[in-house]
Structures are given as structure tokens and as C-alpha cells.
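Working notes, structure below.
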Amino acid sequence: MLRELGTTGLMVNPIGFGGIPIQRLSMEESDRVIEEAIASGINFFDSSRIYSDSEEKLGRIFCQYRDRVIIATKSFACERDMVLRDIETSLKKLKTDNIEIYQCHNISSIDILDKALGKGGAIEGLMKAKEEGLIGHIGITGHKPWIMVEALKRFDFETIQVPFNYIETSSLEELIPLAKEKEVGIIAMKPVAGGAIKNTDLNFRFILNCGIDVVIPGMDRIGQVKKNLSVLKDLSPLTKGEIKVLEEEKEILGETFCRRCEYCMPCPQGLNIPFLHLLGAYYFRYELKQWAWKRLTSLPKGYQNCIDCKECIEKCPYDLDMPNIFRDLNKRIREDYKTLKKE
């Protein structure tokens with residue numbers, strides 16, 4: 001079942017482990033989830049310097065199972081010296097002497113790409129770290145496929161990491177064919193669109209039949225580990241009926257939904273932006289109106305407390321207009337709940 005990640009020589013389970021959600025867990029809780037993942041055969045783990053204590057939590061367990069795990073982590077740093085400092089920090093947090101894949105994280109514009117590739121940029125630092133044996137392979141991540149295409153044309157990255165799921169398939173147009181041509185390893189982040197996609201088995205089968213080497217769903221419960229791995233029992237292409245199921249879900253979700261990457265946080269006004277998005281989804285998409293209303297009214301800050309500072313828009317890799325979305329949700333939920341109470 002293992003497959004090679006591009007031409008890195010790294011043999012990975014196609015179901016990997018995204019390191020964002022374990023930030024919400026205690027050390028003991030994360031220990032149990034990570035140990036279950038390793039015991040169940042997951043061997044590819046992705047983290048980042050910006051995921052608060054994610055690297056530290058992974059390192060607590062990795063030091064016991066180092067020969068059974070492949071580590072990928074990343075840094076926002078675009079400068080040589082800064083990325084080298086981040087690598088040293090990652091090595092300490094992960095309790096290891098070397099990291100298999102280190103990635104330029106969230107390259108969101110050509111200007112940032114230019115800086116990373118230019119003189120004194122992050123790539124210089126990553127190449128130095130690779131020469132010294134601190135890292136094994138150089139990768140890149142980003143949410144905009146056209147920028148990743150440009151990156152692959154300008155540097156021999158060994159892996160790319162992009163959002164990919166049944167809803168977000170624009171990478172199929174040019175990026176994935178180019179990566180395959182260059183034999184670059186392809187890592188799919190946001191494989192369930194931040195938890196928005198509910199037909200996860202069908203969605204994973206779709207992804208793993210599109211040339212993706214490994215998907216990295218975030219996991220913070222043992223049950224999620226088992227459920228995600230269960231898809232490996234059947235990786236056959238989707239039938240027309242199964243495609244119809246995903247198409248119906250895609251139509252419901254649309255394009256302006258939150259993937260819960262949390263790059264928008266913290267909010268200057270103290271709003272829990274991803275959770276507010278989630279409550280809107282629970283209210284309208286999943287018909288959990290009473291449940292969502294109770295939680296909305298118990299929050300210290302809600303949609304109405306957004307002051308339209310637009311800081312979250314600047315941070316969001318999907319350019320979601322949160323203030324406008326929140327105004328709309330606040331108005332629609334309140335109007336709908338008034339009607340619901342009358343009934």
C-alpha cells in the first residue's frame with residue numbers, strides 16, 4: 001500500500017497526518033492520537049513552525065518511533081538566516097537530528113516567491129541545510145495552483161503541497177500534470193476542506209485516483225484515525241452514482257466556505273472566526289439550528305462584534321470576505337430563528 005513520494009525515495013502511506021488539530025489537545029490527548037496513528041500504519045506527518053505546539057507534541061512521540069515516521073514541516077520565513085533559525089527550532093521541537101522534508105510555507109504571491117528564490121532568500125538557507133544533512137528534501141506549499149506552477153518552473157522543488165479535494169480541483173488543470181512530468185511528490189492538504197466535506201470516504205478515493213501521493217487530513221481523535229485509514233480497503237475509481245453524491249454536496253457548499261486553516265487568527269476583536277463560520281454551516285447546511293443558536297448566544301463575541309477591519313481578509317489564503325459573510329449570517333440566522341420560534 002505504500003507509494004513513493006515523487007522521486008524522494010520516501011515510501012509513504014497514502015493517508016498521512018495533518019498537524020493542525022492537535023494544537024487543541026492536551027499533551028496526553030495528543031500522545032494517544034499520534035501513537036494510534038503510528039500503530040495503525042500512518043508514517044507521514046506534516047506540521048509547521050506556525051502551528052503553536054504541534055511540533056513539540058509530535059516530537060514527544062517521534063523520539064520513540066523515529067525509524068517509523070517521515071517528518072514534513074515548514075516555515076513562513078523568506079530569508080536565508082530566518083529559515084535556518086526555524087529549522088534549528090524545528091529540530092529541537094521534533095527531537096530529531098534531521099527532517100525528511102522542509103517546505104517554504106504558503107507562498108501566496110509572485111513577490112513572495114521572488115523573495116524566497118532570490119539572493120539571501122529561503123531557498124539558499126534550505127539548500128545549505130540540505131548540504132549539512134539537517135533536511136532531506138526541499139518542498140513548497142501554497143493555496144494558489146498558478147503560483148505553484150510558476151514555482152516548479154523556476155526551482156527543482158521535490159514536493160508540493162496544495163489544497164485538493166472534490167470541491168477544489170483546479171490543480172488538475174496544469175499543476176498536477178507539471179508535477180508528474182517533473183516527478184515531484186504531491187501532498188494534498190485540506191483534503192476534506194476543513195471538515196466541510198462529509199462524504200469523506202468517497203472524497204479520499206477521488207483524491208487518491210487523481211495522481212496525489214499522500215493526503216494529510218487533520219486528526220484530533222482516535223476515531224478519526226481509524227475512519228480515515230478505512231478508505232484504504234477500497235481505492236477503486238468512483239462510480240457515476242458516487243460522483244453524483246459528491247456533486248450534490250459540492251453544490252450545497254459552494255465556494256465561500258471556511259476551510260478552518262486558522263491563518264486568520266487571532267482576531268483583533270477576539271472573534272473565533274473559524275468557529276463562527278462552522279456555526280453558520282451547522283445552522284443552515286446541517287439543520288442543527290437549535291444547537292447552533294445556543295452556542296452562538298453563549299459566545300462572548302459573535303458576528304455582530306466584527307468591526308470590518310479586514311485584517312482577516314488579508315490573512316485568508318482563500319480571500320474570504322469574512323466581515324461581509326458575518327453580516328449576512330448574523331442577519332439571516334436572526335431572521336430565521338424568529339420564524340423558528342413562532343413555529
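Identify, please: which residue in the stretch 20-47 is at pLDDT 95 or above and part of a loop (DSSP other than H, G, I, E, B) and is, among those, surrounded by the most Cβ atoms within 10 Å (Cβ to Cβ)? Write out each step before concluding.
Narrowing the stretch 20-47 to residues at pLDDT 95 or above: 26-47.
Next cut, part of a loop (DSSP other than H, G, I, E, B) only: 26, 40-43, 47.
Numbers: S26: 10, S40: 14, G41: 14, I42: 25, N43: 21, S47: 28.
In this case the residue turns out to be S47.
State all residues of the stretch 57-72 that are free of Cβ contacts under 8 Å to residues at least 40 places away in the same chain, buried (at least 17 other Cβ atoms within 10 Å of the Cβ) and either polar (S, T, N, Q) or touching a Leu at 6+ places or on another chain (Cβ under 8 Å) (or both); if no residue qualifies, say none. Within the stretch 57-72, K57, L58, G59, F62, I71 qualify. Only one entry of P266, P300 meets the criterion of being at negative phi and within 23 Å of the chain's Cα centre (by Cα), and that entry is P266. The residues of the stretch 209-231 that are of a type in the set (A, V, I, L, M, F, W, C), assigned to a loop (DSSP other than H, G, I, E, B) and closer than 20 Å to E35 by Cβ, listed by number, are I216, M219. Taking residues in the stretch 100-117 that are of a type in the set (D, E, K, R), and partners anywhere that are assigned to a strand (DSSP E or B), the pairs with Cβ atoms closer than 6 Å and at least 6 places apart or on different chains are E100/I70; E100/I71; E100/G136; K115/G121.
Identify, please: which residue in the stretch 232-263 is hydrophobic (A, V, I, L, M, F, W, C) and assigned to a loop (DSSP other than H, G, I, E, B) and is, among those, nearest to the chain's Cα centre (by Cα)?
Here the residue is C261.
Among the residues of this structure, K93 counts as one that is in contact with an Asp or Glu (Cβ under 7 Å, 6 or more places away or on another chain), surrounded by fewer than 22 Cβ atoms within 10 Å (Cβ to Cβ) and not small (G, A, S).
Applying the set (1) part of a loop (DSSP other than H, G, I, E, B); (2) in contact with a Phe, Trp or Tyr (Cβ under 8 Å, 6 or more places away or on another chain); (3) hydroxyl-bearing (S, T, Y) to Y282 leaves exactly one unmet item: (1).
Name the residue, out of Y318, Y263, Y303, that is farther than 29 Å from T141 by Cα, surrounded by 14 or more Cβ atoms within 10 Å (Cβ to Cβ) and among the hydroxyl-bearing types (S, T, Y). Of the residues listed, the single one that is farther than 29 Å from T141 by Cα, surrounded by 14 or more Cβ atoms within 10 Å (Cβ to Cβ) and among the hydroxyl-bearing types (S, T, Y) is Y303. Scanning the stretch 176-193 for residues that are surrounded by fewer than 22 Cβ atoms within 10 Å (Cβ to Cβ) and not aliphatic (A, V, I, L, M) yields P177, K180, E181, K182, E183. If the condition is being of a type outside the set (F, W, Y) and over 15 Å from the mean Cα position of the chain (by Cα), then the stretch 140-158 contributes I147, M148, V149, E150, A151, L152, K153, R154, D156, E158. Name the residues in the stretch 150-172 that are buried (at least 19 other Cβ atoms within 10 Å of the Cβ) and out of contact with any strand residue (DSSP E or B) (no Cβ under 9 Å at 6 or more places or on another chain), would you? Scanning the stretch 150-172 gives Y166, I167. Within the stretch 1-13, the set of residues being outside any strand (DSSP E or B) and in contact with an Asp or Glu (Cβ under 7 Å, 6 or more places away or on another chain) comprises L5, G6, T7, T8, L10. Taking the conditions (1) within 18 Å of G41 (Cβ to Cβ); (2) buried (at least 21 other Cβ atoms within 10 Å of the Cβ); (3) hydrophobic (A, V, I, L, M, F, W, C); (4) out of contact with any Leu (no Cβ under 9 Å at 6 or more places or on another chain) in turn, V214 satisfies each one other than (4). Annotation: R295 fulfils all but one of (1) within 24 Å of G218 (Cα to Cα); (2) touching a residue at least 24 places away in the same chain (Cβ under 8 Å); (3) of a type in the set (K, R); the unmet one is (2). Figure legend. Inter-residue proximity from the stretch 325-343: first residues surrounded by 10 or more Cβ atoms within 10 Å (Cβ to Cβ), second residues of a type in the set (G, A, S) and assigned to a helix (DSSP H, G or I), beta-carbon distance below 8 Å, spacing 6+ or different chains. Indicated pairs: I325/G280; L329/G280; I333/G280; I333/A292. The numbered conditions (1) over 27 Å from the mean Cα position of the chain (by Cα); (2) among the hydrophobic types (A, V, I, L, M, F, W, C); (3) loosely packed, with under 15 Cβ neighbours inside 10 Å are all true for W293 except (3).
Beta carbons closer than 8 Å, at least 6 apart along the sequence or on distinct chains, pair a first residue in the stretch 126-145 that is under 12 Å from A116 (Cβ atoms) and assigned to a helix (DSSP H, G or I) with a second that is of a type in the set (S, T, Y) and at pLDDT 95 or above for L126/Y102.
The values are calculated or read from the model by the stated rules, or taken from the named source; none is laboratory data. This one's a predicted model, so the numbers in the text were calculated from it and none came from an experiment. No Cβ is skipped: glycine too gets one built from the backbone with ideal geometry, and neighbour counts run over all protein chains shown.
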